[in-house]
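Below is one structure, written out as structure tokens, with a few remarks after it.
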Amino acid sequence: RPLAGGVGGGEAAEDRRLQGSAELAELAEDAAEAQRMLKEVLAEGSNWSRAVLNDPEQVPMDSERRKWVASASDVAPSAVHYDPGVKDKHVAFQKAKSMQRLYEASPPLAELTDL
């Protein structure tokens, strides 16, 4: 995205967020681990924190299984947490392709931030 006011001589610069890898398999593994860790912090020891909800065909996106309601004594008291799962690798690759700039030889996988 362009920075406010541009950089030097009024040129726009991009603010890219890059992952530690450009390999889709590694990105997917990292995303799954981050998802697991976050859920464990939010709902320690619960069935929801251990559930893998990546396949929307098995667990539809509007399923109540994707939600967990925290108690008053949890880290985020009385919050409703939702697990969208980790994106399918094919879907993630297609998203990266849609982000690909004309001058790039391959999709910018390292820029995917919502796996």
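The values are calculated or read from the model by the stated rules, or taken from the named source; none is laboratory data. As the structure is a computational prediction, the values presented were derived from the model and not from experiment. Heads up, the Cβs are rebuilt from the backbone with ideal geometry, glycines too, and the neighbour counts pull from every protein chain shown. The accessibility values were calculated without ligands, DNA or RNA, using every heavy atom of the protein model including side chains. Shrake-Rupley method; radii C 1.70, N 1.55, O 1.52, S 1.80 Å.
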In nm, the gap between the two label points placed 7 Å beyond Cα toward Cβ at residue 114 and residue 18 is 2.3
Taking GluC sites (Glu not before Pro) in a DSSP loop with at most 16 other Cβ atoms within 10 angstrom as exposed, one finds the longest site-free stretch of the chain at 58-103
For the stretch 25-90, the accessible surface attributable to carbon and sulfur atoms (probe 1.4 angstrom, ligands and nucleic acids excluded) amounts in percent to 54
Shape call for the chain, from the Cα gyration tensor axes a ≥ b ≥ c (a/c under 1.5 means rounded, otherwise prolate when a/b beats b/c, else oblate), comes out prolate
Full extension between residue 64 and residue 80 adds, at 0.36 nm per residue less the Cα distance, a length in nm of 4.7 nm
Per residue, accessible area of the chain with a 1.4 Å probe, heavy atoms of protein chains only, in Å², comes to 69
Treating only Lys and Arg (+1) and Asp and Glu (-1) as charged, each at its beta carbon, one finds that the stretch 17-115 has a dipole about its Cα centre, in Debye to the nearest 20, of 220
Length gained, residue 100-residue 33, 0.36 nm per residue minus C-alpha separation, equals 21.5 nm
Ignoring trypsin sites (Lys or Arg not before Pro) buried by more than 15 other Cβ within 10 Å or outside DSSP loops, the longest site-free run in the chain is 18-100
Percent relative contact order for the chain, counting Cα pairs under 8 Å at least six residues apart, stands at 27
Filtering chymotrypsin sites (Phe, Trp or Tyr not before Pro) in the stretch 64-106 by DSSP loop and by at most 10 other Cβ atoms within 10 Å leaves 103
